[in-house]
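Undergrad: Okay, handing you the structure first.
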Amino acid sequence: MTELHPKSAQAAPLIVLKKKSGHSGHHGGAWKVAYADFVTALMALFIVLWLMSQSEQVKKAVAGYFNDPRGTASLLGTTMTGTGPDTVSDANRQRLEQLK
């Protein structure tokens, strides 16, 4: 076996391999704006589809809002009446007046 002298070990060129890692540069943020626009449009589509599946009364209420967005119609009163179990009918209203 041959031994290497310290001088010959120092004289050998040092080879450094550099590997590129990560992204290949700065891409910017334009894709975020495009993605946000896409998600907003998709949400609007689903809201319109959901409104189309509602009852005729809800459709008229939404159409009324878009015809008068300032909401001045609410100052004049509304024609919508509740239909749930908590609705006060005329008979219940009379009983409430008697209880007063």
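Undergrad: State the extension gain, in nm to one decimal, for the chain segment bounded by Leu45 and Trp31, taking 0.36 nm per residue of separation less the distance between their alpha-carbons.
TA: In short, 2.9 nm is gained.
Undergrad: Could I ask something else about it? Translational diffusion coefficient, Stokes-Einstein: compute it for the range 29-70 using the Kirkwood radius over C-alpha pairs as Rh, at 20 °C and 1.002 mPa s, and state it as an integer in µm² s⁻¹. Could you put the intermediate results ahead of the total?
TA: Numbers: Rh = 12.0 Å.
For these conditions, the coefficient is 178 µm²/s.
Undergrad: Still on this structure, I have one more. Given a Förster distance of 22 Å, report the FRET efficiency between Ser89 and Gln54 from their Cβ-Cβ distance, rounded to the nearest 0.05.
TA: Values: r = 24 Å, r/R0 = 1.11.
Approximately 0.35, to the nearest 0.05.
Readers should treat all values here as calculations from the given coordinates under stated rules, not as data from a laboratory. These numbers come from a predicted model, not from an experiment. In this analysis, Cβ positions are derived from the backbone assuming ideal geometry, glycine residues included, and neighbour counts consider all displayed protein chains.
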